[in-house]
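Worksheet for the structure shown next.
The values are calculated or read from the model by the stated rules, or taken from the named source; none is laboratory data. The shown structure was predicted, so the numbers you read here are calculated from the model rather than taken from an experiment. Every residue, glycine as well, gets a Cβ built from its backbone with ideal geometry; the counts of neighbours run over all protein chains shown.
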């Protein structure tokens, strides 16, 4: 991802909400990354404690947390997202230190942000930002989350192209008032699949650090590129119905799911594990249902025949961000333990 | 629930996997409860450290954890679930202390356990248990999780009645070999809705401590009985599409969902909050989509008009066990902080 960003003349600001790990963050620092995005003030504080000094809190500012943001801004350059005049007023009132302001743009996803063609609202927000010397209107930021709804990689490329076109149009319209705003985009499907980022200043993909079954279904990655698996102890084998029960449930994998061809739900793909890692997904094997602690795997006959209770099966998660958040820690293939924010408090 | 159990001559062994809290556990101890169920060895160790001395680990024994079980059995009476000869052999080999054995029965749910009518398998398991004086065949245990699929409360009562009939039939068949095995049942819908528990020795409901939107949809409780809400700061209001964005996403609520009448997904009901608590669910308001940190609430016009960024909205979770697990802690209406296992490590 860094090679692609560099080749495109784009700053990589990886989103660390996927791994939430100071240890893994160091791997990025070792290859020269020094700007990151996070999804909460708590996560910003955690990575600030890990030495990161340029952090965008890529979530609409929660005005109840301005005191914490202000304290954090003493030691770390912070970017905050605003999408209303009200949020700017609250920042103006509460901050005693400088922060960068990114205007949150809805470029077509429809989740949140100001619609890219609502120039009047952007004008009003920028006017308010300019009144306070603590705030610098740094750029326009969007998350093209509708790339996840694309049914082909061409569709993802089209979402990327449309997003960039709209962001450039908006930047040019705002230039007389706001000067040369940066453009920040960032969703893993677009950053993985697309190659044309002309006009973009930075990209913020996050999930690519691990990828997952959802990304492989989208075409963002191959199964072999999925870098995280949940190791699940087998506790029961039901030969008659070709099912294996593992200790690996909703509190480990999350309930994120995709659908099998027959419409049934699929909560993860299954791999066999050995000391060296894991193999490719076993054909026809998947996690078909989850309780709080139980995972029920539908398995082909040859897997049923060779698995016993006490064995470990690996599950490639549908959504690695949620699984990593629930598990709160990692073991490398070398046996090293890796931290996660949710276990560091 | 204790009153109902006592009136029925049934031991209440509440399942603590829902709250996972030593503080909340004390409320049970104060009314005389001294037997509990948990869903993992880690949870058993946590509650053992909180002074509990009679704990059933209500999950098929993970034979990779027998050493931990053995250490824990030194200070706490433990019940373990088995559903295969293989698991009994592993316990025989690994334990140096006494544990009770509960035979995990599938009485119709079809998740795991030995089918209630497969007497031969039960005979083989019991024969193996009897070979080891460390193990005591204590009883038959089932979870009638198919009560969650009942469409009416009459349906739940029918699941309860069928479950008890099957458990009694199995106990009577096994009596010549195993003596007087106890019968343990436990799912919140049956324990909430049914009133006839003749022949049952203990019940293990868990979710009833908080209830949630799923239970109210089933008829296990009213909305007013839901005792936990996620307090979510409002970060954006989208008047044009009647949506409110809150900081409350998949890593807070979990992705458990129900469906609205129009087939759209619903990840929680919305309540307004004040210092005294919260009101009834707002008609027409629900969490319609979740990202990692974002919750998008569909709201009626009058809620949109009175809500501003920085306000708190409450979300009644679809599945309180998963939300409590993710949040790792509670605040009472009096402002006291209550612990949760996932934040105690």
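In summary, strands (runs of 3 or more DSSP E) completely within segment B:280-341 and bearing 1 or more residues that are within 11 Å of chain A (Cβ to nearest Cβ) and under 25 Å from the mean Cα position of the chain (by Cα) occur at B:286-290, B:294-298. Within segment B:119-146, no residue that is not assigned by TED's automatic domain parsing to the domain that holds residue B:94 sits with its Cβ atom under 7 Å from a residue that is in a strand (DSSP E or B) and buried (at least 21 other Cβ atoms within 10 Å of the Cβ) at 6+ positions apart or across chains.
Taken together, the criteria place residue B:322 among residues that are farther than 21 Å from residue B:234 by Cβ, touching a helix residue (DSSP H, G or I) at 6+ places or on another chain (Cβ under 8 Å) and buried (at least 16 other Cβ atoms within 10 Å of the Cβ).
Residues in segment A:1-30 that are surrounded by fewer than 20 Cβ atoms within 10 Å (Cβ to Cβ) and closer than 24 Å to residue A:198 by Cβ: A:1, A:2, A:3, A:4, A:6, A:7, A:8, A:9, A:11. Out of A:103, A:81, one residue alone is out of contact with any helix residue (DSSP H, G or I) (no Cβ under 8 Å at 6 or more places or on another chain), in contact (Cβ under 8 Å) with a residue 12 or more places away in the chain, within 14 Å of chain B (Cβ to nearest Cβ) and crowded, with 17+ Cβ neighbours inside 10 Å. It is A:81. May I ask you to verify whether residue B:42 is surrounded by fewer than 21 Cβ atoms within 10 Å (Cβ to Cβ), modelled with pLDDT of 95 or more and over 18 Å from the mean Cα position of the chain (by Cα)? Here the answer is no, as residue B:42 does not meet what is asked. Tell me the residue from A:227, A:236, A:261, A:250 that is assigned by TED's automatic domain parsing to the domain that holds residue A:274 and at pLDDT below 95, please. It is A:261.
Screening residue B:262 on (1) surrounded by 22 or more Cβ atoms within 10 Å (Cβ to Cβ); (2) away from chain A (no Cβ under 14 Å); (3) assigned to a loop (DSSP other than H, G, I, E, B) shows it passes everything except condition (1).
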